[in-house]
Amino acid sequence: MNIVRIGSYQLENNVIVAPMAGITDRPFRQLCRRLGAGLAVSEMLSSNPKVWKTEKSMNRMDHSGESGIRAVQIAGADPELMAQAAQFNVANGAQIIDINMGCPAKKVNKKLAGSALLQFPELVEEIIDAVVNAVDIPVTLKIRTGWDQDNRNGVEIARIAERYGIASLAVHGRTRACMYKGDAEYATIRDIKRSVSIPVVANGDITSPEKAKQVLDYTGADAIMIGRAAQGRPWIFREIDHYLRTGEHMQPPAIAEVRSILMEHLTNLHMFYGEPMGARIARKHVSWYLQTHDSDGQFRRVFNALDNSEEQVVALEQYFKTLAAN
């Protein structure tokens, strides 16, 4: 298995948590790291300095007491503001800066940020050049395969990235036009890997240890990045890492361990966000964890009506007691 280096940092393994807005906050990153992720990238932060002091941005920038390498993703379309955002986050403890050119969301793209930038290779050059020269730490880049099926320019963007000093490149196997629909394709990622010598990270639809191995074998990528498949299943990182190292499957976590992981996550969300925000954010996570157990959604409907942390803890404890008794 490849040892992945990003600048001067060596990852513990080659399974990475994708940055996901509203999801990869500090409690989630810490949990994924503890459960086997080699690196966890934070939610994207806007390069607009006017929002840096908002509660949402302050939470996204909070890395206090965080273990492992602190990788922070920034998003924007103005080279100078992106450079300033990089410097601001380095001053705030970031050890790797990741540039977002992969987000397909409309509200990001209409500001020409995220994957919209793939339409403008010259602007891509300017942004990468500005950010790389603004900081003394490694800068990574996340892209899609292109803007749409007719404009898959991932190889061209990858070459620009390498030329201007990007330390590692993550590629989601869809165009911006695909959003998250259809199946990810890996042929473009394979072409990108063959065209550059920097580490390439494959992303998109990697939902199992077997799929992780297939994608790595097919693309020749150095690492894989997991996003949606980790929602409600943060132990997927140790399962994939174990399979890649040994060729054997780990036992899935017993219900007692699922309970313990979920309660830890819940408590950390409550502590991190306080009331009532912690309870609100916990709802989506709990819903993901319980998808397979609460197949008719009955408990989740009840849980989603609870708006304080104490009620949530009591309800979940009771739910797992009932589950264990059946």
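The values are calculated or read from the model by the stated rules, or taken from the named source; none is laboratory data. Note that the structure is a prediction, hence the values are computed from the model and not measured. No Cβ is skipped: glycine too gets one built from the backbone with ideal geometry, and neighbour counts run over all protein chains shown. Note: areas computed on protein heavy atoms with side chains; ligands, DNA, RNA excluded. Shrake-Rupley method; radii C 1.70, N 1.55, O 1.52, S 1.80 Å.
Using a Gaussian network model of the chain whose springs link C-alpha atoms within less than 10 Å, name the residue from ASP25, ASP148, ASP136 with the highest mean-square fluctuation.
ASP136
Hey, what did the chain get for relative contact order, percent, Cα under 8 Å, at least 6 apart?
Details: 616 pairs, mean separation 46.0, N = 326.
Normalised by residue count, the contact order of the chain is 14 percent.
Which percent, nearest 5, of DSSP beta bridges in the chain are antiparallel? Each step should come with its number before you reach the end.
Numbers: 2 of 31 bridges.
The antiparallel proportion sits near 5 percent.
Return the Rg/Rh ratio of region 225-326 with Cα-based radii and a Kirkwood Rh.
Values: Rg = 14.6 Å, Rh = 14.6 Å.
With Rh from the inverse mean 1/r over Cα pairs, Rg/Rh is 1.00.
Report, in debye and to the nearest 20, how large the dipole of the chain comes out about its Cα centre when Lys and Arg carry +1 and Asp and Glu carry -1 on their Cβ.
The dipole of the chain has a size of about 380 debye.
Along region 40-48, what does the Karplus equation 6.51 cos²θ - 1.76 cosθ + 1.60 (θ = phi - 60°) give for ³J(HN,Hα), rounded to whole Hz, x for Gly and Pro?
10, 9, 6, 4, 5, 10, 5, 7, 7
May I ask for the net charge around TRP288, where only other residues with Cβ less than 12 Å from the Cβ of TRP288 are counted and Lys, Arg are +1 while Asp, Glu are -1?
Values: positive: ARG228, ARG233, ARG283, LYS284, ARG300; negative: ASP294.
Neighbour charge sum, excluding TRP288 itself: +4.
With a cut-off of at most 16 other beta carbons within 10 Å, and DSSP calling the residue loop, which chymotrypsin sites (Phe, Trp or Tyr not before Pro) in region 107-199 qualify? Please list them.
TYR180
Would you kindly calculate the translational diffusion coefficient of region 148-194, applying Stokes-Einstein with the Kirkwood radius from alpha carbon pairs, for 10 °C and a viscosity of 1.306 mPa s, and quote it in µm² s⁻¹ without decimals?
Details: Rh = 11.3 Å.
This corresponds to a translational diffusion coefficient of 140 µm²/s.
Let me have the 222 nm mean residue ellipticity of the chain computed from DSSP H runs of 4+ only, each contributing -39500 (n - 2.57), with the sum over all residues rounded to the nearest 500. Could you put the intermediate results ahead of the total?
Numbers: 13 runs with 142 residues, N = 326.
Helix-only estimate at 222 nm: -13000 deg cm²/dmol.
Taking the chain as a Gaussian network, Cα atoms linked when under 10 Å apart, which of ALA254, ALA202, ALA37 shows the biggest mean-square fluctuation?
ALA254
Loop sites only, by DSSP: take the trypsin sites (Lys or Arg not before Pro) in the chain that have at most 11 other C-beta atoms within 10 Å and name the longest stretch containing none of them. If you can, show how the numbers build up before the last one.
Numbers: sites that count: LYS53, LYS110, LYS181.
My reading of the result: 182-326 is the longest stretch.
Ignoring any ligand, DNA or RNA, what whole percent of the accessible area of region 55-138 comes from carbon and sulfur when the probe is 1.4 angstrom?
Values: 1760 of 3580 Å².
Roughly 49 percent, rounded to a whole number.
With θ taken as phi - 60° and the coefficients 6.51, -1.76 and 1.60, list the Karplus ³J(HN,Hα) couplings across region 261-267 in order, rounded to whole Hz; mark glycine and proline as x.
Couplings: 5, 5, 5, 4, 4, 4, 4 Hz.
Which residues' amide hydrogens lie under 5 Å from the amide hydrogen of SER168, considering only partners 5 or more residues apart or on another chain, with H built in the peptide plane?
LEU141
Taking amide H positions as placed in the peptide plane 1.01 Å from N, state which residues far from ASP78 in sequence (5 or more) or on other chains have amide H under 5 Å from it.
none
So what's the gap between the Cα centers of region 60-85 and region 165-187, to the nearest angstrom?
A separation of 21 Å, based on Cα centres.
What number, in percent, do you get for the relative contact order of region 164-259 if the mean sequence gap of Cα pairs under 8 Å and at least 6 apart is divided by its residue count?
Numbers: 123 pairs, mean separation 22.4, N = 96.
Relative contact order, region 164-259: 23 percent.
Can you list, largest first and rounded to whole Å, the semi-axes you get for region 1-59 by taking the square root of 5 times each eigenvalue of its Cα gyration tensor? Walk me through the intermediate numbers first.
Working: eigenvalues 135, 39, 12 Å².
Taking √(5λ) for each eigenvalue gives 26, 14, 8 Å, largest first.
Mind listing the long-range amide H neighbours of ASP98? Cut-off is under 5 Å, sequence gap 5 or more, other chains count too, H placed in the peptide plane at 1.01 Å from N.
When sequence neighbours closer than 5 places are left aside, the close amide H contacts are VAL72, GLN73, ILE74, THR140.
Taking the Cα atoms only, what angle lies between the long axis of helix 209-219 and the longest principal axis of the chain, rounded to 10 degrees?
10
Share of Cα-Cα pairs in region 28-84 beyond 17 Å, in percent?
On the way: 691 of 1596 pairs.
Above the 17 Å cut-off, region 28-84 has 43 percent of its Cα pairs.
Could you go through region 290-302 in sequence order and give the Karplus-derived ³J(HN,Hα) for each residue, using 6.51 cos²θ - 1.76 cosθ + 1.60 with θ = phi - 60°, rounded to whole Hz, and x for Gly and Pro?
Rounded to whole hertz, the list is 9, 3, 7, 7, 9, 5, 8, x, 4, 5, 5, 4, 5.
Measuring from the lowest to the highest alpha carbon on each principal axis, how far does the chain reach, largest first, in angstroms?
That gives 60, 47, 36 Å along the principal axes, largest extent first.
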